[in-house]
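The values are calculated or read from the model by the stated rules, or taken from the named source; none is laboratory data. These figures come from a predicted structure and were not determined experimentally. Cβ placement follows ideal geometry from the backbone for every residue including glycine, while neighbour counts extend to all protein chains displayed. In case anyone asks, the SASA skips ligands and DNA or RNA and just uses the protein heavy atoms, side chains included. Shrake-Rupley method; radii C 1.70, N 1.55, O 1.52, S 1.80 Å.
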Amino acid sequence: MSTRRKVSLITLGCARNEVDSEELAARIEDAGWDLTDGAGGADVVVVNTCGFIEAAKKDSIDTLLAAHDSGAKVVAAGCMAERYGKELAEALPEAHAVIGFDDYTSIGDRLDDVLAGRPHEAHTPRDRRTLLPISPVERTASAAAVAIPGHGGEHGGEHGGDDDALPDGVAPASGPRVLRRRLGGGPVAPLKLASGCDRRCTFCAIPAFRGAYVSRPPAEVLEEARWLAGHGARELVLVSENSTSYGKDLGDLRALEKLLPGLAAVDGVERVRVSYLQPAETRPGLIEAICGTPGVAPYFDLSFQHASGPVLRSMRRFGDRERFLELLGQIRALAPEAGVRSNFIVGFPGESEDDVEELAAFLTAARLDAIGVFGYSDEDGTEAANLGGKLPAEEVARRVEDLTSLAEELTAQRAEDRVGTLVEVLLEEKTDDGFEGRAAHQAPEVDGTVLVRGHGLALGEIVAARVTGGDGVDLVADVP
């Protein structure tokens, strides 16, 4: 009897990549491979890379090199592999194969080639936006022919489409096949709404390698939600490059508002969280749905990026300090304790000291729960890379340091404001002091946590606890 081959799958980057990896995992197992934790003992290591910013690309390279040092064969997949293709393969001979999104449906064949020492010719990168019609409503008929990670598709591997051949833990679904195998376990799971982006922010390269915006059909999202609930998920985090655009290619701009009640009603799902909201598209009806639907967390992950009107125009984005504060006012009028987080880019070409002061003034007034501050850096193929007015790296670093310090002070104050309030906490990990979890205003990985103390508690349940103190954005709460 032959020994099954072993593969380790390492995921870097965002929650969208986590979903892509779980689809890859299902395809890999169906092709006759065993998944193993860590590179040790693996025949092949697949690294699902991140290609968003320079720091993420460096982390991906370091991870690929470390996998090579383990003695296993190495495959580079994911965003950086898709974005650079042949260029990455030539620069990194330690990777035995560099595969693009088009290779995902035949991942078993690619792994067989790598293990057998057969060469794989890396792809020449292309702008994936050109693979689908410009008009969103014309994409549905064409999308099935385009490889879109995390959207399932025809069941690959040696077993074809036979449901009986699906490995334990792989999601079957009605309609278009949804492939998934949970890798991390735990009570929280990301659920992909859509892929790609139609926005043209001057600093961002994601649309070129992720492609045009494509929504998953509501029935498919609901079926996967039911499967996730059946495999232990109690909170579903809806992810995409832009969740506020969900449904525009399906002919329904209110599709997300209609989908949320159905997701929250799935048996076993206790909380639904929406992430990646664009301020320009955060309409009143969506705010009402997030704030008023039982089981949906009143949480707003808003991509502000800056607060100075001139800088935002240069970024080709909407808004300014006044408009953003008005949006926050609309949210808090419906849900005063709603959680709000955002990321900001400082040091953008042409950014003045007045622009920085405008951003600082917005942060001070906005009362955000979590703030990410990132220094601008040129990204290949973006319009901003060719803009004038570039700031010296040391000046960008200074601005990042100053605004990060301000952000830490402001978010700590916001957390302190929650002392004495009741919060609904999902218990995720047992510690020596109690249970660590997250309240409705805290998303996984990127926000703070709550240490819950009390008796009779169990992992995976949501409990009401009163906040008694905290440290920075992290809180301590007691169950009465």
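Yes/no matrix, rows are residues, columns are (1) at pLDDT below 95; (2) among the aromatic types (Phe, Trp, Tyr); (3) out of contact with any Ser or Thr (no Cβ under 6 Å at 6 or more places or on another chain):
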{"site": "298", "(1), (2), (3)": "no, no, yes"}
{"site": "301", "(1), (2), (3)": "no, no, no"}
{"site": "306", "(1), (2), (3)": "no, no, yes"}
{"site": "318", "(1), (2), (3)": "yes, yes, yes"}
{"site": "322", "(1), (2), (3)": "no, no, yes"}
{"site": "330", "(1), (2), (3)": "no, no, yes"}
{"site": "344", "(1), (2), (3)": "no, yes, yes"}
{"site": "355", "(1), (2), (3)": "no, no, no"}
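Given the criterion touching a helix residue (DSSP H, G or I) at 6+ places or on another chain (Cβ under 7 Å) and of a type outside the set (A, V, I, L, M), identify the matching residue among 21, 8, 60.
On the way: 21 fails: touching a helix residue (DSSP H, G or I) at 6+ places or on another chain (Cβ under 7 Å); 8 fails: touching a helix residue (DSSP H, G or I) at 6+ places or on another chain (Cβ under 7 Å).
The conditions single out 60.
Here are some conditions: (1) under 28 Å from residue 207 (Cβ atoms); (2) without any contact (Cβ under 8 Å) to a residue 24 or more places away in the chain; (3) open to solvent by 80 Å² or more (accessible area, probe 1.4 Å). Residue 394 meets all but one. Which one does it not meet?
Evaluating residue 394 over (1) under 28 Å from residue 207 (Cβ atoms); (2) without any contact (Cβ under 8 Å) to a residue 24 or more places away in the chain; (3) open to solvent by 80 Å² or more (accessible area, probe 1.4 Å) leaves (1) as the failure.
Let me spell it out: the conditions are (1) on the phi > 0 side of the Ramachandran plot; (2) open to solvent by 10 Å² or more (accessible area, probe 1.4 Å); (3) in contact with a Leu (Cβ under 9 Å, 6 or more places away or on another chain), and residue 218 meets all of them except one. Which number is the exception?
(1)
From the list 74, 98, 7, 46, which one is crowded, with 24+ Cβ neighbours inside 10 Å, under 17 Å from residue 181 (Cβ atoms) and over 21 Å from the mean Cα position of the chain (by Cα)?
Working: 74 fails: under 17 Å from residue 181 (Cβ atoms); 98 fails: under 17 Å from residue 181 (Cβ atoms); 46 fails: over 21 Å from the mean Cα position of the chain (by Cα).
Just one listed residue meets the conditions, 7.
Does any residue of segment 90-110 turn out to be in a helix (DSSP H, G or I), of a type in the set (S, T, N, Q) and touching a Leu at 6+ places or on another chain (Cβ under 7 Å)?
The initial filter retains those residues of segment 90-110 that are in a helix (DSSP H, G or I), namely 90-91, 101-110.
Those still in the list that are of a type in the set (S, T, N, Q) too: 105-106.
Those still in the list that are touching a Leu at 6+ places or on another chain (Cβ under 7 Å) too: none.
No, every residue in segment 90-110 fails to be in a helix (DSSP H, G or I), of a type in the set (S, T, N, Q) and touching a Leu at 6+ places or on another chain (Cβ under 7 Å).
In segment 327-359, what residues are open to solvent by 50 Å² or more (accessible area, probe 1.4 Å) and among the charged types (D, E, K, R)?
We begin by selecting, within segment 327-359, every residue open to solvent by 50 Å² or more (accessible area, probe 1.4 Å); these are 330, 333-334, 336-337, 343, 350, 353-354, 357-358.
Selection gives 337, 353, 354, 357, 358.
Taking segment 118-148 as the search range and keeping residues that are among the basic types (Lys, Arg) and either open to solvent by 40 Å² or more (accessible area, probe 1.4 Å) or free of Cβ contacts under 8 Å to residues at least 12 places away in the same chain (or both), which one is nearest to residue 193 (Cα to Cα)?
129
Restrict the check to segment 45-66 and report whether at least one residue is out of contact with any Gly (no Cβ under 6 Å at 6 or more places or on another chain) and farther than 27 Å from residue 445 by Cα.
No: zero hits.
For segment 231-245, check the following and say yes or no: at least one residue is open to solvent by 30 Å² or more (accessible area, probe 1.4 Å) and assigned to a helix (DSSP H, G or I).
Scanning segment 231-245 turns up no residue that is open to solvent by 30 Å² or more (accessible area, probe 1.4 Å) and assigned to a helix (DSSP H, G or I).
Looking at (1) open to solvent by 10 Å² or more (accessible area, probe 1.4 Å); (2) touching a residue at least 24 places away in the same chain (Cβ under 8 Å); (3) not polar (S, T, N, Q), which is the one condition that is false for residue 313?
(2)
When the residues of segment 265-285 are filtered to those that are under 20 Å from the mean Cα position of the chain (by Cα) and among the hydrophobic types (A, V, I, L, M, F, W, C), which remaining residue is farthest from residue 187 (Cα to Cα)? Spell out the reasoning first.
Filtering segment 265-285 down to residues under 20 Å from the mean Cα position of the chain (by Cα) leaves 269, 271-282.
Among the residues that remain, those that are also among the hydrophobic types (A, V, I, L, M, F, W, C) are: 269, 272, 274, 277, 280.
Numbers: 269: 9, 272: 12, 274: 16, 277: 23, 280: 32 Å.
That would be 280.
Condition first: at positive phi and surrounded by 14 or more Cβ atoms within 10 Å (Cβ to Cβ). Can you find one or more residues in segment 412-432 that meet it? Outline the logic, then answer.
Step one: list which residues in segment 412-432 are at positive phi, which gives 420.
Those left that are additionally surrounded by 14 or more Cβ atoms within 10 Å (Cβ to Cβ): none.
No.
Give the number of residues within segment 11-44 that are within 24 Å of residue 192 (Cβ to Cβ), among the aliphatic types (A, V, I, L, M) and touching a Ser or Thr at 6+ places or on another chain (Cβ under 6 Å). Outline the logic, then answer.
Step one: list which residues in segment 11-44 are within 24 Å of residue 192 (Cβ to Cβ), which gives 11-31, 33, 35, 37.
Next cut, among the aliphatic types (A, V, I, L, M) only: 12, 15, 19, 24-26, 28, 31, 35.
Filter once more, keeping what is touching a Ser or Thr at 6+ places or on another chain (Cβ under 6 Å): 12.
Number satisfying all stated conditions: 1.
May I ask you to list the residues in segment 1-52 that are touching a Lys or Arg at 6+ places or on another chain (Cβ under 6 Å) and β-branched (Val, Ile, Thr)?
19, 36, 44
Can you tell me which residues in segment 456-469 are of a type in the set (Gly, Ala, Ser), open to solvent by 60 Å² or more (accessible area, probe 1.4 Å) and in a strand (DSSP E or B)?
Scanning segment 456-469 gives no hits.
Consider residue 475 carefully, then state whether it is in contact with a Gly (Cβ under 6 Å, 6 or more places away or on another chain), buried (at least 17 other Cβ atoms within 10 Å of the Cβ) and closer than 20 Å to residue 417 by Cα. So that I can check it myself, show each step before the final result.
Working: in contact with a Gly (Cβ under 6 Å, 6 or more places away or on another chain): no; buried (at least 17 other Cβ atoms within 10 Å of the Cβ): yes; closer than 20 Å to residue 417 by Cα: yes.
No: the conditions fail for residue 475.
Across segment 57-71, what is the total count of residues that are among the hydroxyl-bearing types (Ser, Thr, Tyr) and open to solvent by less than 20 Å² (accessible area, probe 1.4 Å)?
As a first pass, look at segment 57-71 and keep what is among the hydroxyl-bearing types (Ser, Thr, Tyr): 60, 63, 70.
In the following step, the residues that additionally are open to solvent by less than 20 Å² (accessible area, probe 1.4 Å) were identified as 60.
Qualifying residue count, segment 57-71: 1.
Might you let me know whether segment 438-450 holds any residue that is over 17 Å from residue 237 (Cβ atoms) and open to solvent by 20 Å² or more (accessible area, probe 1.4 Å)?
no
Quick one: which of 20, 37, 30 is open to solvent by 30 Å² or more (accessible area, probe 1.4 Å), of a type outside the set (Lys, Arg) and in contact (Cβ under 8 Å) with a residue 24 or more places away in the chain? Please lay out each step first, then the result.
On the way: 20 fails: open to solvent by 30 Å² or more (accessible area, probe 1.4 Å); 30 fails: open to solvent by 30 Å² or more (accessible area, probe 1.4 Å).
When all the criteria are applied, what remains is 37.
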